[in-house]
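Undergrad: Have a look at this one.
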Amino acid sequence: MNFTFTEDQLMFHDSVKSFLTNEVTPERIRELWESETGRSSELWGQLAELGLTAMTVPEAFGGLGMNELDFVLLAEECGYTALPEALVETVMVAVPLISSLGDEQAEFKETWLSRIATGEARVAVGHPDNPLVPDAHVADLLLLANGDEVHALSQGQVQLAENPSVDPSRKLFTVEWTPSTETLISGAGIADDTAGKQLWQDALDRGALAVAAQQLGLARKMVDLSVDYTFERKQFGKPIGSFQAVKHLMSNVAVQIEFAKSPLYKAAYSVAHGLKSRAKDVSHARLVTTDAAMLGAKNGIQSHGAMGYTWEVDLQIFMKRAWSLASSYGTQGFHKQRIKQFILADEAQLGAGSTFA
């Protein structure tokens, strides 16, 4: 079996990586911190021009009809550059959620998916497992939960209160709103309870996968920043990176990154193809990538010395993003519990050919 990415996927990844590296710099991120919304309509337009907002939109609605496996490498690069825009959650959570609505919502799907594909509309998702809604202040459409129901609201139908985040790029809000039959788009009545619950469960898995991909990219970035710093910083006439104790700090993170790649890409495959092991695969990826990011932040600070946490050093941009994502779409404890349930289930099939298939 061939588990490698296709040539087309790798070529698209390389072009997007080049764009993000050149356009989403620490300097631009700091500029956005000082802006009113913390977001850039120009940057969002550029992402749309590259076709990124259209990737998972079905072709029938003007999209590219791709899936999570096609986007996972790009999501990783969004993490590597700490992209402030909510591209990853839009592509991996909001679009699939809208696409999964029933045929009775055909007009709603046509209207919003086509606008999202062109970058004309932004969407914010208020998942029931996330008490705060990211990017609600710039969203043209808010998808919110009332129990297992899915409601769609505009800015004029909600009241927002910003909640400060450790990461200045993460704009988080509490949302006050009133559920009604007019805002309901899925999950009403006994017959639809299961459908609404499944929509939010699918969104949880996709959201956790989105976080995992970004965490892996963040871990890679923190290693790169720390390695560069330790070659520039000298002590006793030598770069501190030449000292064994400093090497071990980054080597330990690099090892975790390598071991996290396979679970992440397997989880992307599971979500894209709807495998029965999806929940377990996603939780596995979410755990190992977040562990790698947390260790990257910890060891990165140590490598930089006391200045690692200061405002002037770029490292703090990425470690704060990693910290802020750590409890999004499930805590580490939540995902460990899902792994536990899988392993201890009476019907669990473990071992070669099952767990590693």
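Undergrad: Could you run the Karplus curve 6.51 cos²θ - 1.76 cosθ + 1.60 with θ = phi - 60° over segment 200-207 and give me ³J(HN,Hα) per residue in whole Hz, x for Gly and Pro?
TA: 6, 5, 4, 5, 5, 5, 5, x
Undergrad: Can I ask one more? If you split all Cα-Cα distances of the chain into 10 Å bins from zero, what percentages do you get per bin, shortest first?
TA: P(r) for the chain, in whole percents per bin: 5, 24, 33, 24, 10, 2, 0, 0.
Undergrad: OK, next. Could you sort out which of Lys171/Lys340; Lys266/Lys336; Lys109/Lys261; Lys276/Lys298 sit more than 29 Å apart by Cα distance in this structure?
TA: Values: Lys171/Lys340 33 Å; Lys266/Lys336 17 Å; Lys109/Lys261 34 Å; Lys276/Lys298 35 Å.
As for pairs spanning more than 29 Å Cα to Cα, those are Lys171/Lys340; Lys109/Lys261; Lys276/Lys298.
Undergrad: Sticking with this structure for a sec: To check you understand DSSP bridge types, tell me what percent of the beta bridges within the chain (both residues inside) are antiparallel, rounded to 5.
TA: 80
Undergrad: Then there's this: Return one whole number: the accessible area per residue of the chain in Å², for a 1.4 Å probe.
TA: So the chain comes to 46 Å² accessible per residue, rounded to a whole number.
Undergrad: To the nearest 0.05, how large is the calculated FRET efficiency for Ala60 and Glu347 if R₀ is 41 Å and r is the Cβ-Cβ distance?
TA: On the way: r = 38 Å, r/R0 = 0.93.
The calculated FRET efficiency here is 0.60.
Undergrad: Something else about it: Of the chymotrypsin sites (Phe, Trp or Tyr not before Pro) in segment 252-320, which ones lie in a loop per DSSP and count no more than 15 other C-beta atoms within 10 Å?
TA: On the way: sites: Phe259, Tyr265, Tyr269, Tyr309, Trp311, Phe318; in loops: Trp311.
Of the chymotrypsin sites (Phe, Trp or Tyr not before Pro), the ones in loops of segment 252-320 whose Cβ has at most 15 other Cβ atoms within 10 Å are Trp311.
Undergrad: Which residue fluctuates the most in the chain, going by a Gaussian network model with Cα springs under 10 Å, if the choices are His13, His273, His151?
TA: His273
Undergrad: Between Asn22 and Thr310, what is the FRET efficiency for a Förster distance of 22 Å, r being their Cβ-Cβ separation, to the nearest 0.05?
TA: Working: r = 26 Å, r/R0 = 1.18.
Given R0 = 22 Å and the Cβ-Cβ separation, E is 0.25.
Undergrad: Run the numbers for Lys261 and Phe108: contour at 0.36 nm per residue of separation, minus the present Cα-Cα distance, in nm. If you can, show how the numbers build up before the last one.
TA: Numbers: separation 153, 0.36 × 153 = 55.08 nm, distance 3.68 nm.
Between Lys261 and Phe108, full extension yields 51.4 nm more.
The values are calculated or read from the model by the stated rules, or taken from the named source; none is laboratory data. The structure displayed is predicted, hence computed values, not measured ones. Positions of Cβ are backbone-derived with ideal geometry, glycine not excepted, and every protein chain shown enters the neighbour counts. Ligands, DNA and RNA are excluded from the accessible area calculation, which covers all protein heavy atoms including side chains. Shrake-Rupley method; radii C 1.70, N 1.55, O 1.52, S 1.80 Å.
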